[in-house]
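Only one structure is covered here, and it is reproduced in the block below.
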Amino acid sequence: MVGARTQSEPPDTRADTTAPDDALLAVRAAEGDEDAFAVLVQRHAAALIRLATSLLGTGAEAEDAVQDAFLSAWRRLPEFQGRSSFGTWMYRIVTNRCLSVLRARKPVAPLEAAGDVPAAEHATSPARITEGRDAVRELREALDLLSAEQRACWVLRELDGRSYEFVADAVGISQEAVRARVFRARRRLTQALGAWR
Amino acid sequence: MTDRTDPSNSAFTHADDELLPCGRLVSRTWDDWEQQTDDAHLRSCPHCRDAVRGLDDLESVVRGLRAESADTSAYDAEPLTRRIMDVVRLELRPGRPLPLGEPAEDLWIMEAVAARALRAAAETVAGVRAGSCRLVDARVDGTDGTCDSGGVRLDIHAPVGVSLPELTDRVRARVWEAADRELGVVLASVDIRVTDLVAGTADDGQEGRTP
Amino acid sequence: MTAHHEITAHAKLVEEVATAVQAVPGVAFLRPGLADRLRSAPARPTPGTGGAPPAGVRMTRPDGEGPWHVEIHVVALRRARTLDVARLVRSAVEHRLDSLVPAQQTPRVTVTVTGLV
């Protein structure tokens, strides 16, 4: 009989064969299996922390955001039909949680309220933006000038390297809206970094 | 000559946009740069090249930011996982209770708890991964007025190369046994569905695991 | 005065029942289920006890002066047969109440296992 003794088969050396996949764990977690959920948390926490940190800029807030996101996921798992992967679903939840944090965090940046920075600076070439630690620090500060939506779209696109389509899905807006926000973010960042020389 | 009509009809007209002296919009120039469009104008026009240079420099700073952030890649998820699971384990999702023993005894077990035990029992069969496990309470679901006890619907992933009828028989037997010996839940039926075949060793280290 | 006394007596009974349940072999701990939390949220606190009512035990008299209805939410140990543990819990509650308030009718006891460890 074919299936008589499976132990005689040579062991498979691929990494994940002994671990249940995310989809299976998600189904079980949706039905109340806490241990299955714990495995999912362990698998995805590091990547989501990186995402939240790049969106929010600080580690402590990132941990809170990811923690809230996982708890929200636990409660909403019964609705998660597995249309996307669990990882993508968590990405979306974390992104939106961070968006809320960003919106609550800051008043409207002065550049927003006043409209465009006068164009005169750009008719001639701005001072060169240089690399180096100072520039990185200035970039971090310049990110605070962006609106929550601009920052999120820019971070996902530029730091996380996601496609416009992916960002649109994660944030829940159209691709055109993502492009517009990334463009505005780039404008503000190039202006801010160039102007501070 | 300036080419005003074309950019304004394009898909994205940005409030922040700017018309370069050569007649192109910054957005278009940047877009072409991002998509690495090969364009003679782009290569030769000093205004466009200036616009691109700003973006290029931004990109190099971004690379620096990425490099700094990458240092934190050795993240220990353990404390965060613990904090999350502390809350999760205290919360109870609304779930249905199932009868232990005879319904008249008024003794119950939450479905999720029983499901955990039955999944674990199924996974004592080599190579089996348990998925959805639902306990159907026949009385409540009203499927059969004469039937007192409920049944189990269990999905499993089975290892390739194994006789499925034999495997599902073994899984079924383990589930029956666990329901009776470990829990004391009376089952009318055990329905095993193989939802996927998984390549890999059948004698994985997960066999007989305790949570 | 009387009302306060009744509340205190009730709370003491609940504590006694909780203690009896904790002592049952196979019981890991008493635990509030979701239903308990929903019910206890709007309920008035019970004065006369050291603090919040013990989790996992709810005692009511749905029929006025009729028998108690005791609802237990408990987490059991895996190594014991769950049905047996639940039966022991029911017995323990019945015996405890019988010894404390023998004049009362046999209580109705509902036991729900909300976890296994």
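Each value in this text was obtained by applying a stated rule to the coordinates, not by laboratory testing. Everything quoted here is computed from the prediction, not taken from an experiment. Heads up, the Cβs are rebuilt from the backbone with ideal geometry, glycines too, and the neighbour counts pull from every protein chain shown.
Quick notes on this structure:
- Charging the Cβ of each Asp and Glu at -1 and of each Lys and Arg at +1, and nothing else, the dipole of segment B:95-198 about its Cα centre rounds to 420 debye.
- Theoretical FRET efficiency, 1/(1+(r/R0)^6), r = Cβ-Cβ of A:ALA104 and A:LEU71, R0 22 Å, to 0.05: 0.75
- Computed about the Cα centre, the dipole magnitude for segment A:20-106 is approximately 540 debye when only Lys and Arg (+1) and Asp and Glu (-1) carry charge, each at its Cβ.
- Where labels lie 7 Å past Cα in the beta-carbon direction, separation of A:GLN42 and A:GLN175 in nm: 3.9 nm
- Averaged over the residues of peptide B:154-165, the number of Cβ atoms from other protein chains lying within 10 Å of each residue's Cβ is 3.
- With R₀ set to 60 Å, the beta-carbon distance separating B:LEU164 from C:GLN105 gives a calculated FRET efficiency near 0.60.
- Once backbone amide H atoms are built at 1.01 Å from N, B:VAL186 has B:GLY101 as its partners under 5 Å, excluding neighbours fewer than 5 places away on the same chain.
- The order of the peptides A:66-73, A:185-192 by mean Cβ neighbours within 10 Å, most packed first, is A:185-192, A:66-73.
- Separation of the B:GLU91 and C:SER91 label points, Cα + 7 Å toward Cβ, nm: 3.9 nm
- Residues whose amide H lies under 5 Å from that of C:PHE29, counting only those 5 or more places away or on a different chain, are C:VAL75; hydrogens are built 1.01 Å from N in the peptide plane.
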